[in-house]
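Worksheet: one structure, shown below.
The values are calculated or read from the model by the stated rules, or taken from the named source; none is laboratory data. Quick caveat, the model's predicted, so the values are computed rather than measured. Methodologically, a virtual Cβ is constructed for each residue, glycine included, from the backbone with ideal geometry; neighbour enumeration extends over all protein chains shown.
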Amino acid sequence: MFRSLYDYNFFGKKVLVRCDFNVPVYKGKVLDDFKIIKALSTIKYLRESGAKIILASHIAQEGRWQKASLRPVVPVLEGILNEKVLFCPKSIGSKPKRMIDKMGLGKILVLENLRINKGEERNDEKFAKELAALAEIYVGEAFGCCHRKHSSIVITPKLLPHFIGFECEREANVLSSLIENPQRPLVVLIGGAKVESKLKMIARFLPMADYLLFGGKIANILLAIQKIIVGGPKPSQETKDLLLRIDLTNPKINLPLDVLASFSEEGIRQIAPGSVRKEEEILDIGQATIEKFSEIIKIAKTIFWSGNLGLVEDSNFRNGSLSIARAIIKNEKALKIAGGGDTVAFIRAEGLEKGFSYLSSGGSALLEFIAKGTLPGIEALKI
Ligand code: 3PG
């Protein structure tokens, strides 16, 4: 059971909110604010409650030599919230403590990248305590990081009265109802890379879903393992072991009927997977596959989509994912959930966000939640 934000009076309290602000940054500018937007309902609620809001997160390296900082998140928050947001270049110690003591009620402070401190990833208790020392309350609003057994995710919440953030709770609820009690037919579309984690998801969905549709690299692996395509990606030992647990002859599994294959000098060929030559690479699903998948999507009551179906970064290979996204949106009656960083980025780039019932912020966290039904960081928020 979680304690909801509505169950407490936050007035005057120092509240540490663990967010997932691991956003793409280029030359100091945030390229995609999706994850920041996800934390807004919690931030605004705490602001209106008169709390002192301390936002903590990690962020990945910008480039090989660039020290990763959360500073670029500050102007984005300021722009959305229309107010000054403070930034502390340290995430623990006397500097943030002084700033927090001085800040006004309803004000917001962003701490520097938690992972600059080695203790965060080592799940170090000392670091967790130092972070907890800054606040009186902990709020977990970082669904996308809840698969990590890191200090701020699994230890700090245990050191303070802890609450689940609005969006984190919503995401856990949406995904739990997807895996526990979906309206049928349940159609699951899986594409993209991250083959090993996707295979765990397939093992979980195979008994539960009514149809599983595949595109992207994961489909190529499944085609290669069944010797339908020659060459293609070489599955790792882990992939082979995972595949032993999956009955690929199950009629629920739908692999591409045709694909777009390309070898630099030869142009693009739309062919059956069995006709792909060793030197060619499969980069999208073909028209017959789009039509077949769209027919299945049409009858679904629940649709879950994770992973692009082609190399969407190249305009020649966007059509599969775009056509399928449109087919999903066309099914007005179904509950439509999509997740994974690249899939969500694609949906948003195409301006199709409103056509989906829910976009998950999780990448690996989403896959692990589906495979296991919970996450360490979600368990840590329970009371
Ligand atoms: C994500 O982007 O999936 C989350 O922020 C987790 O990031 P991580 O893989 O660096 O832990």
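Restricting to region 8-26, count the residues that are out of contact with any strand residue (DSSP E or B) (no Cβ under 6 Å at 6 or more places or on another chain) and touching a residue at least 12 places away in the same chain (Cβ under 8 Å).
Keep residues of region 8-26 that are out of contact with any strand residue (DSSP E or B) (no Cβ under 6 Å at 6 or more places or on another chain), which gives 8-12, 20-22, 24-26.
Those still in the list that are touching a residue at least 12 places away in the same chain (Cβ under 8 Å) too: 8-12, 20-22, 25-26.
Adding up the residues that qualify gives 10.
Return the residues of region 334-375 that are closer than 14 Å to Gly307 by Cβ and of a type in the set (Gly, Ala, Ser); say none if nothing qualifies.
Ala338, Gly339, Gly340, Gly341, Ala345, Ser360, Gly362, Gly363, Ser364
Given the condition modelled with pLDDT of 95 or more, surrounded by fewer than 20 Cβ atoms within 10 Å (Cβ to Cβ) and either under 20 Å from Phe163 (Cβ atoms) or of a type outside the set (S, T, N, Q) (or both), answer yes or no: does some residue in region 58-70 qualify?
No, region 58-70 has no match at all.
Quick test of your reading of the structure: Glu279 fulfils all but one of (1) over 15 Å from Gly191 (Cβ atoms); (2) buried (at least 16 other Cβ atoms within 10 Å of the Cβ); (3) more than 24 Å from the chain's Cα centre (by Cα). Name the failing condition by number.
So Glu279 meets the others, but not (2).
Name the single residue that is surrounded by the most Cβ atoms within 10 Å (Cβ to Cβ) among those in region 349-362 being more than 16 Å from the ligand (Cβ to nearest atom) and not in a helix (DSSP H, G or I).
Initial filter on region 349-362 (more than 16 Å from the ligand (Cβ to nearest atom)): 349-358.
If we keep only those that are not in a helix (DSSP H, G or I) as well, we get 350-352, 356-358.
Details: Glu350: 15, Gly351: 8, Leu352: 17, Phe356: 20, Ser357: 12, Tyr358: 16.
Within region 349-362, the match that is surrounded by the most Cβ atoms within 10 Å (Cβ to Cβ) is Phe356.
Please find, among Ile116, Ile153, the residue that is modelled with pLDDT under 95 and within 23 Å of Pro72 (Cβ to Cβ).
On the way: Ile153 fails: modelled with pLDDT under 95.
That would be Ile116, the only listed residue that is modelled with pLDDT under 95 and within 23 Å of Pro72 (Cβ to Cβ).
With respect to Ser323, determine if the residue is buried (at least 22 other Cβ atoms within 10 Å of the Cβ) and either among the hydroxyl-bearing types (Ser, Thr, Tyr) or part of a helix (DSSP H, G or I) (or both). Explain how you work it out, then say what you get.
Numbers: buried (at least 22 other Cβ atoms within 10 Å of the Cβ): no; either among the hydroxyl-bearing types (Ser, Thr, Tyr) or part of a helix (DSSP H, G or I) (or both): yes.
When the stated conditions are applied, Ser323 does not pass them.
Going by the structure shown, is Gly373 over 14 Å from the mean Cα position of the chain (by Cα), farther than 24 Å from Asn331 by Cβ and surrounded by fewer than 17 Cβ atoms within 10 Å (Cβ to Cβ)?
Details: over 14 Å from the mean Cα position of the chain (by Cα): yes; farther than 24 Å from Asn331 by Cβ: yes; surrounded by fewer than 17 Cβ atoms within 10 Å (Cβ to Cβ): yes.
So Gly373 fits the description; yes.
Kindly list, by first and then second residue, each pair from a residue in region 168-195 that is on the phi > 0 side of the Ramachandran plot to a residue that is of a type in the set (Asp, Glu), limited to pairs with Cβ atoms under 8 Å and residues at least 6 apart or on different chains.
The qualifying pairs are Gly192/Asp342.
Of (1) within 16 Å of the ligand (Cβ to nearest atom); (2) touching a helix residue (DSSP H, G or I) at 6+ places or on another chain (Cβ under 8 Å), Gly373 satisfies all except one. Which?
(1)
Could you list, ordered by first residue, the pairs with Cβ atoms under 6 Å in which the first is in region 83-101 and of a type in the set (Ser, Thr, Tyr) and the second is part of a loop (DSSP other than H, G, I, E, B), at least 6 apart or interchain?
Close Cβ pairs (under 6 Å, with a partner that is part of a loop (DSSP other than H, G, I, E, B)) amount to Ser91/Glu112.
Taking region 9-40 as the region of interest, how many residues are charged (D, E, K, R), in a loop (DSSP other than H, G, I, E, B), away from the ligand (no atom under 11 Å from the Cβ) and under 23 Å from Pro96 (Cα atoms)?
1
For Ile92, state whether it is farther than 28 Å from Gly339 by Cβ, more than 16 Å from the ligand (Cβ to nearest atom) and part of a loop (DSSP other than H, G, I, E, B).
Values: farther than 28 Å from Gly339 by Cβ: yes; more than 16 Å from the ligand (Cβ to nearest atom): yes; part of a loop (DSSP other than H, G, I, E, B): yes.
For Ile92, the condition - farther than 28 Å from Gly339 by Cβ, more than 16 Å from the ligand (Cβ to nearest atom) and part of a loop (DSSP other than H, G, I, E, B) - is met.
Give Gly340, Gly363, Gly351, Gly377 a once-over and let me know the one that is in contact (Cβ under 8 Å) with a residue 60 or more places away in the chain and on the phi > 0 side of the Ramachandran plot.
Numbers: Gly363 fails: on the phi > 0 side of the Ramachandran plot; Gly351 fails: in contact (Cβ under 8 Å) with a residue 60 or more places away in the chain; Gly377 fails: on the phi > 0 side of the Ramachandran plot.
None of the other options fit; the residue is Gly340.
Can you confirm whether Ala365 is assigned to a helix (DSSP H, G or I) and either touching a Lys or Arg at 6+ places or on another chain (Cβ under 7 Å) or away from the ligand (no atom under 16 Å from the Cβ) (or both)? If you could, list the steps in order and put the result at the bottom.
Working: assigned to a helix (DSSP H, G or I): yes; either touching a Lys or Arg at 6+ places or on another chain (Cβ under 7 Å) or away from the ligand (no atom under 16 Å from the Cβ) (or both): no.
When the stated conditions are applied, Ala365 does not pass them.
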